[in-house]
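One structure is given here, and the rest of the page talks about it.
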Amino acid sequence: MLFIGPVSSLFDFLTFAALLTWFRGSETHFHTGWFIESLATQTLVLFVIRTAGSPLESRPSFTLTATVLTVVLVGVVLPQTPLGVPLGFTPMPAAFFLFLLGVTGAYLPLVEVVKRQLMRRLTT
């Protein structure tokens with residue numbers, strides 16, 4: 001966590017900045033957007049950190065894949081449903097989900113780079 005934690009924090013701050021400036025979100029939008037981004041990145045990162053090697057070469061089990069993707073899907077869909085309201089969520093604009101794809105698409109490879117550097121340090 002000493003190495004990957006700061007990367008995660010960097011992307012949280014990027015999300016905060018986007019929610020405040022680009023999306024001009026209300027407090028509820030901020031709460032919802034951060035929840036979705038955090039859930040997506042911190043769940044999907046399991047595919048990267050579960051193996052010392054390349055996550056593309058070491059396939060995860062069906063159970064892990066199904067569980068992780070289900071959690072992310074629930075996190076994305078929940079704010080769009082009536083159940084989201086009592087939880088303090090609000091529907092997010094479509095542009096947020098494009099942002100989410102970009103953030104996640106940048107976060108996961110960066111974690112992989114950090115992980116590889118860390119693994120090199122530990123094995124040399």
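Points worth noting:
- Of all residues making up segment 17-37, the number that are assigned to a helix (DSSP H, G or I), among the small types (Gly, Ala, Ser) and in contact with a Gly (Cβ under 9 Å, 6 or more places away or on another chain): 2
- Whichever residue in segment 1-16 is part of a loop (DSSP other than H, G, I, E, B) and either within 21 Å of Leu98 (Cβ to Cβ) or not aromatic (Phe, Trp, Tyr) (or both) and, among such residues, is modelled with the highest pLDDT: Leu2
- Residue list for segment 95-123, filter: buried (at least 16 other Cβ atoms within 10 Å of the Cβ) and aromatic (Phe, Trp, Tyr): Phe96, Phe99, Tyr107
- Leu69 vs. criteria surrounded by fewer than 14 Cβ atoms within 10 Å (Cβ to Cβ), under 24 Å from Leu110 (Cα atoms), modelled with pLDDT of 95 or more and under 16 Å from the mean Cα position of the chain (by Cα): yes
- Within segment 38-60, the residues that satisfy the criterion of being of a type outside the set (Ser, Thr, Tyr) and part of a helix (DSSP H, G or I) are Leu39, Ala40, Gln42, Leu44, Leu46, Phe47, Val48, Ile49.
- Flag for Thr104 being more than 12 Å from the chain's Cα centre (by Cα), closer than 18 Å to Phe23 by Cα and touching a residue at least 60 places away in the same chain (Cβ under 8 Å): no
- Single condition Thr63 does not satisfy, out of (1) over 24 Å from Val114 (Cβ atoms); (2) of a type outside the set (Phe, Trp, Tyr); (3) out of contact with any Gly (no Cβ under 8 Å at 6 or more places or on another chain); (4) assigned to a loop (DSSP other than H, G, I, E, B): (4)
- Residues in segment 17-28 that are under 18 Å from Gly102 (Cβ atoms) and at pLDDT 90 or above: 6 in all.
- Considering the conditions (1) surrounded by 18 or more Cβ atoms within 10 Å (Cβ to Cβ); (2) outside any helix (DSSP H, G or I); (3) without any contact (Cβ under 8 Å) to a residue 60 or more places away in the chain, Met92 is excluded by exactly one of them, (3).
- Selection status of Ile49, surrounded by 13 or more Cβ atoms within 10 Å (Cβ to Cβ), modelled with pLDDT of 95 or more and β-branched (Val, Ile, Thr): no
The values are calculated or read from the model by the stated rules, or taken from the named source; none is laboratory data. None of these values were measured; they are calculated from a predicted model. With ideal geometry, Cβ positions are generated from the backbone for all residues, glycine too; neighbour counts draw on all protein chains shown.
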